[in-house]
1. Does A69 meet the test of being in contact with a Pro (Cβ under 8 Å, 6 or more places away or on another chain) and at pLDDT below 75?
2. Of all residues in the range 135-165, how many are basic (K, R) and either modelled with pLDDT under 75 or in a strand (DSSP E or B) (or both)?
3. In the range 137-150, what residues are surrounded by 17 or more Cβ atoms within 10 Å (Cβ to Cβ) and farther than 16 Å from A50 by Cβ?
4. Take the residues in the range 105-134 that are touching a Gly at 6+ places or on another chain (Cβ under 9 Å) and part of a helix (DSSP H, G or I); name whichever of them is surrounded by the fewest Cβ atoms within 10 Å (Cβ to Cβ).
5. Within the range 96-117, can you find the residues that are under 15 Å from F150 (Cβ atoms) and touching a Ser or Thr at 6+ places or on another chain (Cβ under 9 Å)?
Amino acid sequence: MRDIRNDLAERITHLNDQIGAADRELKLKLNRLKQEHEGKISYLKADFDAVKTVLELEQRRLQDGQPVARSNGAPAQMTERDQTQERARFLDILIRKLSDDGPASSSDLREWAIQGGYLDDSKTSGAALYSVLIETAKAGLIRQLPDGKFAAPSITELIRLQHTV
């Protein structure tokens, strides 16, 4: 009968190596998932902060006694869901405008938004729009150029956004 203890010891070493490799692979996958999760959460937090800022500005505007301007005859009070949907539609239209017309300053975008009925012509609407532009730029949905103008995202940024959302 042959002594197989060396063979068994080699087999144990090989199995330990495989267990270690599987553990390292799991740790890498967990780190990658954590990074993806953090990226998604940071994007959502930036969007949340932008909506919160706009809501605060709207509440201050309403407390000052200024009426809410609605071009479509909708009621002055909107639910949070309606506000979020309206903001998402506005951002979609804004990004398309920047894609079609090229970079624009915040004042140009404010004038466009007022003419299009997306904003009222109050003093706070410019600040609210600028806040949304900055938060949207931080989230990577648009770009702020060195000259202060805003532009649609580049193709590379769009591809990155598609993979993170």
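1. On the way: in contact with a Pro (Cβ under 8 Å, 6 or more places away or on another chain): no; at pLDDT below 75: yes.
Here the answer is no, as A69 does not meet what is asked.
2. Start the filter on the range 135-165 by keeping residues that are basic (K, R), which leaves 138, 143, 149, 160.
Right, trim to either modelled with pLDDT under 75 or in a strand (DSSP E or B) (or both) and you get 143, 160.
Result for the range 135-165: 2.
3. The answer is none; no residue qualifies.
4. Going residue by residue through the range 105-134, those that are touching a Gly at 6+ places or on another chain (Cβ under 9 Å) are 105-107, 110, 119.
Next cut, part of a helix (DSSP H, G or I) only: 106-107, 110.
On the way: S106: 19, S107: 11, R110: 21.
If we take residues in the range 105-134 being touching a Gly at 6+ places or on another chain (Cβ under 9 Å) and part of a helix (DSSP H, G or I), then S107 is surrounded by the fewest Cβ atoms within 10 Å (Cβ to Cβ).
5. The first filter runs over the range 96-117 and keeps only residues under 15 Å from F150 (Cβ atoms), leaving 96-113.
Within the range 96-117, R110, A113 qualify.
The values are calculated or read from the model by the stated rules, or taken from the named source; none is laboratory data. This is a predicted model, so every value here is computed, not measured. Backbone-built Cβ (ideal geometry, glycine too); neighbour counts: all protein chains shown.
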